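To start, the structure itself, in structure tokens.
The values are calculated or read from the model by the stated rules, or taken from the named source; none is laboratory data. Everything numeric in this text was worked out from a predicted model, so none of it was measured. A quick note on method: Cβ atoms are made from the backbone with ideal geometry, for glycine too, and the neighbour counts reach across all protein chains shown. The area values use the complete protein model at the heavy-atom level, side chains included, leaving out ligands, DNA and RNA. Shrake-Rupley method; radii C 1.70, N 1.55, O 1.52, S 1.80 Å.
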Amino acid sequence: MFLELWKKECGQVAKSLIYWLYVIVLAVFFVSQLGSLKSHMLKEPKKGQDSYAEYGTMQSNDEREIMRTALSSLAQGIWYEDFTTYPVGFVKHITLSEEEMDEIEGILLETTGMSRDAAGEDIARHFQENNPENSYVPYVAEPKEGLAYEDFLRKMERVSEILGPGSDFTEERMKASAKLPMDYEGAMEAYRDLVEKDGYTGGYLRLFCDYMGIILGILPVFVAATRILRDKRAQMQDLIFARKASSFAIITSRYAAMLCMMMAPVMVLSLAPVVECVTFTKGSKIALDYLAFLKYDLGWLLPTVMVVTALGLFLTEITESALAVLVQGIWWFAAISLGVDKLHGGQYGWNLIPRHNTEINYSGFANGYTQLVYNRIFYVILAIALTAVTILIYEKKRKGHLRRRGKILRNYKRTDEA
Amino acid sequence: MKHNVLWQILLSAVILLLSPLILGLRNLDAVQSAKVLEMYVALIGIILLVPVFQPEQNKDLRDLIQSKYTKISVIYSVRVLAAICIGGLMLLIYMWVMKQGNCEMETGKYFFGVMAEILAFGGLGILAYSLSDNVVIGYMAPAVYYVAAYGGGAKYLKKFYPFGMVTDYDTKYVLFAAGLVCILFGIIIRGKSRR
Amino acid sequence: MKTKIEIQHLDKFYGQKKALSDVSLTIEEGMFGLLGRNGAGKTTIMKVLATLLEKQGGSVKICGIPVENASEIRKITGYLPQDFSMYPNMSVYEAMDYLGVLSGLTKAERKQRIPMLLEKVNLQSNYRTKVKALSGGMKRRLGIAQAILHNPKILIVDEPTAGLDPEERVRFRNLLCEIADDRIVILSTHIVGDIEATCEKIAVLDEGKILFQGTVAELLHLVEGKVYKAEISRHELDAVKERFLVTSILALGNNVMIRLLAEEAPFQGAGRCEPGVEDAYMYLMQGRGDLLCS
């Protein structure tokens, strides 16, 4: 019975307007963001190129440099009494309490040997010597002699705790601020990673997943909400409830059908970068990973679609309204904003939409791989849990609980009140 | 009418009230203020305006209402107007709070800019709803519009780019007009709908 | 297992309100009618039988299976709700097919039964008609077809003829009688005519309690010899209504033809007549608040 129901549900989805709108939006988004990858495909870097920028940038591991950049920022923040953080991509100015300020000033003293006033003098002196009107030379604060890097890191961690999320003093940010342009060796390494470890297609599929994740973090909720609301609008619930089919079969067949129908166009679209790769690398000795698209579609994108759809099912079933759309909208907004400074990939965290806005940075991917796997598994489990709860709710409704009396739903005026 | 609009007001109020937790509302310069207003606050346009037809979603109920004296399009227009006023009020309060927090902004210009966006987002949703008879699609249209704009849409959207407060203020006039047109057509089409 | 429904001391509350109070009924093969006004509790009983509501007290067994065993019960019951409605954009055949899958029928079974049932309800030329284009009567007939799709032993029909024109009503009643051959068909209604035309046994329900249970003949016996017919002038009507229970009024120019209940001949010119179900119903409902008309 499940198979039959699943087939019917797929048919239902295929006949609904909202599904085709979904497909169109998906396709348009794909074309606009990833349109032609041909112009971006990486070739082997040659010695003596002007710039290797397309192969990324290199992290400066010069500890001194990192310390310098961070401490300058700290000194200025203390002197001007203004710290900015970017918790969700929007700027936020932080005001500190007296104790917090004292503590941070203490840290400045320990790391640079400068008190607040001393820092102020130092900054003033710097800008007198280097008039910002002529050319802006950033202020640099020197770390104290003998300051150990680990000690420095510990202190900066404390500062970022005080300031809250998104500050300049987290380890990632500090390292990120100290970046150098890519050189030939670095570029070669990135390219080799792409060819050998990624099978060339892997890199582009990661890029595909990055972009498609953005739209898939919200679009499925519309399809899910519509399907559930349709039953309510047609007032067919009783007919379905009174039948033999179990709540489990009904809900899971609907869910499975929606997932299949929604992932199908995604998988078709994911073949486009593969095809581009094939054409681009024709004649070369590069061994392509032809099946990478399966790994990425199912491993990277499917969990996002699963959980967005499951949440949509759950909220729509329980509220019988379009609330799921708004909730998902908020979640999407948060996920996107949180990922704004992690675009380069490798820092996947627990984000619904893991970002990796480049075909390279395989090392970042490798480093963040375990976290990514945990992340994706988490969302799959969450999706299953939400579906299970939905089944329970459906079953309760079937027995006559959780229903509202009267034929017309809460949001709609009752005929007699009109 | 009051009991129809309540949850939308509440939800809008909630997302506005929560915003200081994640955004900073103090000491923003002109560009940052614009960003907060046009990328976040304008979203209340979607919440407040799109569900305007929902109370009469049931077809029988629609027929019943349409047979009464007051034309149904008048009812819708009143609702839309009320929603816009409430949105405007919320916006004013929010901007006032920002000003208290020492944010830089050109009040009149920004106010009009965000209202234009509210009309555009809401209007697009209303039109989508009336054409499809489906409130979910009504929400989807402005959501997709927003996502498109967010994902670097200035190129494609040109004069319809919703986040042009600082870069290209002309877009706001376009949005304002487009929003009004969408709302108008949405109400007319819905009023005539026999579906 | 014999086809039988046994309800004993059934209670059902909606919050504080008692919807059903100590209801006991035994229903056997054939057409069974539940008569009562709106809010009497008819739909509640039907929904409990269809496993769509949970009871609070008492026991309900269908063919020996307790109603808590929902999945088993759903296999042998078919339900046609009062506000029957389907996805408007589906065609008749598609709708039946979808509901058939939900009832666990295989493709072969569906292919065989659906055309047969649609013919039985006279919708065989409407396979492709969209549900939203069906008339009220056609929709109801579709409703019956879907309810017996899986050949259930029990058919539960809630207010089936409400909103149908007289011709459709007759057709529908006939259809139900045909179907009742080797099944239990439970029919709830506030239209007395439905009962008269189709049911052998009935129960009268009011405010969640059973006022009467038995055959139609037994019901009529309650008012045997108490029903009178008379023709009076219009302005006498109000006075008569105050003194007696008037069960029907028919306008005849300046006069009215009335039927009323009385222990003995009420006044000059009133003749005794055969009691009808309506009279008996009114008699039972005496003093219980607003009376209904048919």
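When only Cα pairs under 8 Å and 6 or more residues apart are kept, what is the percent relative contact order across chain C?
21
What does the average come to when, for each residue of peptide B:128-139, you count the partner chain Cβ atoms lying within 10 Å of its Cβ?
5
Do you know the relative contact order of chain A, to the nearest whole percent, from alpha carbon pairs under 8 angstrom that are 6+ apart? Each step should come with its number before you reach the end.
Working: 518 pairs, mean separation 92.1, N = 418.
Relative contact order, chain A: 22 percent.
What does the structure give for C:76-83 when I average, per residue, the other chain Cβ atoms found within 10 Å of the residue Cβ?
3
Would you mind computing Rg(Cα) / (2.2 N^0.38 Å) for the stretch C:88-222, counting N as its residues?
Details: Rg = 16.4 Å, N = 135, 2.2 N^0.38 = 14.2 Å.
Here the Cα radius of gyration is 1.16 times the empirical estimate.
Of A:Lys7/C:Lys2; C:Lys17/C:Lys120; A:Lys8/C:Lys4; C:Lys42/C:Lys132; A:Lys15/C:Lys120; C:Lys4/C:Lys209, which pairs sit farther than 31 Å apart, going by alpha carbon to alpha carbon?
Numbers: A:Lys7/C:Lys2 37 Å; C:Lys17/C:Lys120 41 Å; A:Lys8/C:Lys4 35 Å; C:Lys42/C:Lys132 28 Å; A:Lys15/C:Lys120 29 Å; C:Lys4/C:Lys209 21 Å.
Those over the limit are A:Lys7/C:Lys2; C:Lys17/C:Lys120; A:Lys8/C:Lys4.
Quickly rank C:211-218, C:184-191, A:9-16 as a protection proxy: mean count of other C-beta atoms within 10 Å, highest first. Intermediate values should be presented prior to the final figure.
Details: C:211-218: 14.4, C:184-191: 23.4, A:9-16: 17.5.
Ranked by mean Cβ neighbours within 10 Å, highest first: C:184-191, A:9-16, C:211-218.
Using the Karplus equation 6.51 cos²θ - 1.76 cosθ + 1.60 (θ = phi - 60°), what ³J(HN,Hα) coupling, rounded to whole Hz, does each residue of the stretch B:82-98 give in order, writing x for Gly and Pro?
4, 4, 5, 4, 4, x, x, 4, 4, 4, 4, 4, 4, 5, 4, 4, 5
Roughly what would the spin-label model give for A:Tyr369 and C:Glu196, points 7 Å off Cα along C-beta, in nm?
About 8.4 nm separates the two model spin labels.
Would you calculate, for the protein assembly as shown, the mean residue ellipticity at 222 nm contributed by helices, counting each DSSP H stretch of 4 or more residues as -39,500 (n - 2.57) and dividing by all residues, to the nearest 500? Write out the running numbers ahead of the final one.
Details: 35 runs with 498 residues, N = 907.
Only helices count here, giving -18000 deg cm²/dmol.
Rounded, prolate or oblate for the stretch C:55-98? Axes are the square roots of the Cα gyration tensor eigenvalues, ordered a ≥ b ≥ c, and the cut-off for rounded is a/c under 1.5. Numbers along the way, then the final one.
Details: a/c = 4.00, a/b = 2.33, b/c = 1.72.
Taking the square roots of the gyration eigenvalues as a ≥ b ≥ c, the stretch C:55-98 is prolate.
In cubic angstrom, how much convex hull volume per residue do the alpha carbon atoms of chain A span?
Numbers: hull volume 87.4 nm³, N = 418.
Normalising the Cα hull of chain A by residue number yields 209 Å³.
With a/c under 1.5 counting as rounded, go ahead and sort the stretch B:2-192 into rounded, prolate or oblate using the C-alpha gyration tensor (a ≥ b ≥ c being the square roots of the eigenvalues; past the cut-off, prolate if a/b is larger than b/c, else oblate).
Numbers: a/c = 2.25, a/b = 1.66, b/c = 1.36.
Prolate is the answer for the stretch B:2-192, as a/c is 1.5 or above and a/b outweighs b/c.
Rg and Dmax in Å for the stretch C:225-274, alpha carbons only: what are they?
9.8, 29
So what's the angle, to the nearest 10 degrees on a 0 to 90 scale, between helix A:323-338 and the longest Cα principal axis of chain A?
Its long axis makes an angle of about 20 degrees.
Applying 1/(1 + (r/R0)^6) with R0 = 35 Å to the Cβ-Cβ distance of B:Tyr150 and C:Asp83, what FRET efficiency is obtained, to the nearest 0.05? Walk me through the intermediate numbers first.
Details: r = 44 Å, r/R0 = 1.24.
With a Förster radius of 35 Å, E is 0.20.
How large is the charge dipole for the protein assembly as shown, taken about the Cα centre, if only the Cβ atoms of Lys, Arg (+1) and Asp, Glu (-1) carry charge, to the nearest 20 debye?
Details: 102 positive and 99 negative charges, 855 e Å.
With only Lys, Arg, Asp and Glu charged at Cβ, the dipole is about 4100 debye.
Please average, across the residues of A:220-227, the number of beta carbons from any other chain that are within 10 Å of each residue's own beta carbon, and give a whole number. Mind showing how you got there, number by number?
Values: counts 0, 4, 8, 2, 1, 5, 6, 1.
The mean count of partner-chain Cβ atoms within 10 Å per residue comes to 3.
Rounded to the nearest 0.05, what FRET efficiency do C:Glu54 and C:Cys177 give with R0 = 30 Å and r taken as the Cβ-Cβ distance? Could you check?
Details: r = 32 Å, r/R0 = 1.07.
About 0.40, to the nearest 0.05.
Taking the Cβ-Cβ separation of C:Ala108 and C:Asp165 as r and a Förster radius of 45 Å, what is the calculated FRET efficiency to the nearest 0.05? It would help to have the intermediate numbers written out before the result.
Numbers: r = 38 Å, r/R0 = 0.84.
E between C:Ala108 and C:Asp165, to the nearest 0.05, is 0.75.
Compute and list, largest first, the equivalent-ellipsoid semi-axes of the stretch C:132-194 from the alpha carbon gyration tensor, each √(5λ) rounded to a whole angstrom. Could you put the intermediate results ahead of the total?
On the way: eigenvalues 67, 43, 19 Å².
After scaling each eigenvalue by five and taking roots: 18, 15, 10 Å.
What is the projected area of the convex hull of the Cα atoms of chain C, averaged over all directions, in nm²?
Values: hull surface 69.5 nm².
That works out to 17.4 nm², a quarter of the Cα hull's surface.
What does the extension gain come out to for A:Leu291 and A:Glu171, with contour length at 0.36 nm per residue minus their alpha carbon separation? It would help to have the intermediate numbers written out before the result.
Details: separation 120, 0.36 × 120 = 43.20 nm, distance 3.61 nm.
Gain on extension, A:Leu291 to A:Glu171, equals 39.6 nm.
Could you work out the relative contact order of the stretch A:291-411, using alpha carbon pairs under 8 angstrom and six or more residues apart, expressed as a whole percent? Don't skip to the end; give the middle numbers.
Details: 109 pairs, mean separation 36.7, N = 121.
Relative contact order here is 30 percent.
Need one number: buried accessible surface between chains B and A, 1.4 Å probe, both sides summed, DNA, RNA and ligands left out, in Å² to 100. Please report the intermediate quantities before stating the final value.
Values: alone 10220 and 22040 Å², together 28720 Å².
Interface area, both chains combined: 3500 Å², rounded to the nearest 100.
What are the radius of gyration and Dmax of the stretch A:259-382, computed over its Cα atoms and given in Å?
Both quantities, over Cα of the stretch A:259-382: 16.7, 58 Å.
P(r) tail for the stretch C:1-85, what percent of Cα pairs lie past 17 Å? Please report the intermediate quantities before stating the final value.
Numbers: 1658 of 3570 pairs.
That fraction is 46 percent.
Semi-axes, largest first, in whole Å: what does sqrt of 5 times each Cα gyration tensor eigenvalue give for the protein assembly as shown? Walk me through the numbers before you get to the answer.
Numbers: eigenvalues 976, 204, 121 Å².
Working from the Cα gyration tensor, I get semi-axes of 70, 32, 25 Å.
On a 0 to 90 degree scale, rounded to 10, what angle separates helix A:98-112 from the longest Cα axis of chain A?
50
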